[in-house]
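Below is one structure; the comments refer to it alone.
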Amino acid sequence: MTEDRPPFFRTWTGVYALVLGFLGFLILAFYLFTRHYR
Amino acid sequence: MSPLDFAVLFGTLLAIAAYGIWKTRGSRDLEGYFRGDHAMKWGTIGLSVMATQASAITFLSTPGLGYEQGMQFVQNYLGLPIALVIVSALFIPMYYRLRVYTAYEYLERRFDLKTRQLGAFLFLIQRGLSAGITIYAPSIIVSTLLGWSLDSTILLVGVLAVAYTVSGGTRAVSLTQKYQLAVIWAGMFTAFFLIVREVTGRLSFAQALAVAGKMGRLEVINPSLDFSTRYTLWSGMLGGLFLALSYFGTDQSQVQRYITGRSVTESRLGLMFNAVLKVPMQFFILFVGVMVFMFYQFVEPPMLFKQSAVRVVQESPRAPEMKRLEARYSAAFREKLDGVNALAAALDTDDAGAVAAARDRVRGLQEQAESIRTEAKNLVVSVDPDMEVKDSDYVFLTFILNHLPKGVIGLLIAVIFSAAMSSVASELNALGSTTSVDVYRRLIRPRESERHYVIASRVLTACWGGAIIGFALFAYMVENLIEAVNILGSLFYGTILGIFLTAFLLKRVGGSAVFLGAVMAEGTVIVLFFTTDIGYLWYNLIGCALVMVLGSVLQAVLPGGGGALKNPVATGAGPG
């Protein structure tokens, strides 16, 4: 088992924050999409 | 289907299966057969996890849902990225630290043998049944529409998947999944491009979106707190989170995909790949369905997409009634076509009053068409009460067969079969590994050579393959089997997840307490299922919470504290 470090960001917490931030962005984008086409 | 379609279909399926067998021949130990020698990179893991989850039904039912209900189903996946972050942070390091072959092996290290066997038993029942459905569900749809024999279709998918899974184990599954996913995406993007080209021959893309929106097909987010609404932001975030956490964290068909990584980092990146792409992917597949819906605003669709249901009436004395319904449906379609054109024209004028009037007219005509469809379905059921009339699963394939060019039809049928094979191969691989490692090696023949275990694993995997194909061949005998298996999964998933979360989070709870808590929780879930009307997705949450609460209470009250702390490393408390 090799060293457990992400290839970007210093820690996995940063990677997880990015992923969850992207989820937040998607929800916001979907919400605006819904409003626009309603 | 033309000869070119057959060549594309069989060439694709046979080439991928043969390549998988040839490339992964000769595993000599369990490490290679079930963990791929820990050689997988994140891309392979990510694609393998994605291909395992995306079954044929994903590519048949999801566009059908988009066609019938619009985009709201995507909300069911909003809890998935959160679940994958939790699995990545909590589950993966533990599985690597203990070097397990199966998720349930971990339970013995953390608790005791009986808890491991309980977890493995629940998995084998649930996954063994659902793997049969993974083959049966697309086969019944494809065989009905193409006029193929159902048994031959099941055998085609099943035998090919069993052959390379038995031969090459985990590596063959992961390798073939990469190419199967390539076929799937090539097919889906081609279909999307061709559908959009058809639609934009009649309206601009922006107009098509605007009309689809006014017809209620582009509502993605529904923040309603109404529990009776099927798809909402909150049910997706909460119910979807627990479902995905259980599936990705404790279901061996997924665990086996990511424990093949060459490091924790590779496995985590593979899951993060899915955390980022899964929601957009589901959005895209639903959007394909919405575009098919827009296409059928200009080209008259069949009144019922399941033509075998229509034939039942046509061959009965009540055929004239079906003919009258079809005439009414055609008239309603023509009127709606006028309405859709008027709506598109009104949207160009920016006149809010005209848009509202045109929208209300189209929606009224859509409801009228739907009510004629309902009458037709009722007519079918009155002639044959056993006939399943739900036809949304047939929408996408009907469109493919009737409106896409030669060659592309073969590619799209290959998409469906590739998706079925990629899912069933993972399930088979997981059933084989769980039976081999958690039952055969642990309980029956604990001290044999590696070669012996590889041969035994191949035999057990082949036996599961035979059982799954046999189950699929006889699945038609129970019409509501698909829903029954889905419900069965939700009844067990919560309890399994509860055992694992207790292991990770409640470090003072021992084996006997969690075992009794799990048995009591499962009993309670089954009693609730038979005595209440709770939606079955909620059992994931209820079962999980019950195991954790009951385990904690029993740990406090049982003599001897409900079993000693088994292994500090397995709780995450020790050095790793």
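The values are calculated or read from the model by the stated rules, or taken from the named source; none is laboratory data. Everything numeric here is computed off the predicted structure, so don't read it as measured data. Note that we place each Cβ from the backbone using ideal geometry, even for glycine, and neighbour counts take in every protein chain shown.
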* Asked: Does B:I487 meet the test of being at pLDDT 90 or above and either in a loop (DSSP other than H, G, I, E, B) or under 26 Å from the mean Cα position of the chain (by Cα) (or both)?
  -> no
* Output the number of residues of region B:191-221 satisfying the condition of being more than 10 Å from chain A (Cβ to nearest Cβ) and without any contact (Cβ under 8 Å) to a residue 40 or more places away in the chain. => 7
* List the helices (runs of 4 or more DSSP H) that sit entirely inside region B:1-99 and contain at least 2 residues that are closer than 23 Å to B:L537 by Cα. => B:42-53, B:56-69, B:80-86
* Which one of these does B:A275 not meet: (1) more than 10 Å from chain A (Cβ to nearest Cβ); (2) farther than 30 Å from B:Q117 by Cα? -> (1)
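Matching residues to (1) closer than 21 Å to B:S130 by Cα; (2) modelled with pLDDT under 90:
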| site | (1), (2) |
| --- | --- |
| B:I444 | no, no |
| B:V454 | no, no |
| B:S457 | yes, no |
| B:A462 | yes, no |
| B:G470 | yes, no |
| B:V478 | yes, yes |
| B:T495 | yes, no |
| B:K507 | no, yes |
* Can you spot a residue in region B:236-257 that is outside any helix (DSSP H, G or I) and under 24 Å from B:Q126 (Cα atoms)? -> yes
* Condition test on B:A354, is it more than 28 Å from B:T62 (Cα to Cα), assigned to a helix (DSSP H, G or I) and at pLDDT below 95? -> yes
* Hits in region B:386-405 (condition: over 18 Å from B:S61 (Cα atoms) and either aliphatic (A, V, I, L, M) or at pLDDT below 90 (or both)) -> B:D386, B:M387, B:L404
* To do: Restrict the check to region B:265-274 and report whether at least one residue is surrounded by fewer than 23 Cβ atoms within 10 Å (Cβ to Cβ), among the aromatic types (F, W, Y) and at pLDDT 90 or above.
  => yes
* From the residues in region B:222-267 that are within 11 Å of another protein chain (Cβ to nearest Cβ) and in contact with an Asp or Glu (Cβ under 8 Å, 6 or more places away or on another chain), which one is nearest to B:L505 (Cα to Cα)? -> B:V264
* **Members of chain A found to be surrounded by 13 or more Cβ atoms within 10 Å (Cβ to Cβ), part of a loop (DSSP other than H, G, I, E, B) and more than 7 Å from chain B (Cβ to nearest Cβ), listed by number** => A:F9
* Say we look at region B:219-245 and pick out the residues that are at pLDDT below 80 and charged (D, E, K, R); which of these is surrounded by the most Cβ atoms within 10 Å (Cβ to Cβ)? -> B:R230
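Please indicate, with yes or no, whether at least one residue in region B:365-386 is within 26 Å of the chain's Cα centre (by Cα), of a type outside the set (S, T, Y) and farther than 18 Å from B:E300 by Cβ.
We begin by selecting, within region B:365-386, every residue within 26 Å of the chain's Cα centre (by Cα); these are B:386.
Of the ones still in play, those that are also of a type outside the set (S, T, Y) are B:386.
Add one more test, that the residue is farther than 18 Å from B:E300 by Cβ, and what stays is B:386.
Yes, because at least one residue in region B:365-386 is within 26 Å of the chain's Cα centre (by Cα), of a type outside the set (S, T, Y) and farther than 18 Å from B:E300 by Cβ.
Quick check on region B:307-325. Is at least one of its residues within 30 Å of B:S88 (Cα to Cα), surrounded by fewer than 24 Cβ atoms within 10 Å (Cβ to Cβ) and away from chain A (no Cβ under 13 Å)? Don't jump to the end; show me each part of the working.
Of region B:307-325, the ones within 30 Å of B:S88 (Cα to Cα) are none.
No.
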* Assuming B:T229 fulfils every condition listed in (1) touching a residue at least 60 places away in the same chain (Cβ under 8 Å); (2) outside any helix (DSSP H, G or I) apart from one, which condition is it? -> (1)
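Do we find that B:S392 is surrounded by fewer than 20 Cβ atoms within 10 Å (Cβ to Cβ), in contact with a Ser or Thr (Cβ under 8 Å, 6 or more places away or on another chain) and farther than 20 Å from B:R35 by Cα in this structure?
Numbers: surrounded by fewer than 20 Cβ atoms within 10 Å (Cβ to Cβ): yes; in contact with a Ser or Thr (Cβ under 8 Å, 6 or more places away or on another chain): yes; farther than 20 Å from B:R35 by Cα: yes.
Yes: the conditions hold for B:S392.
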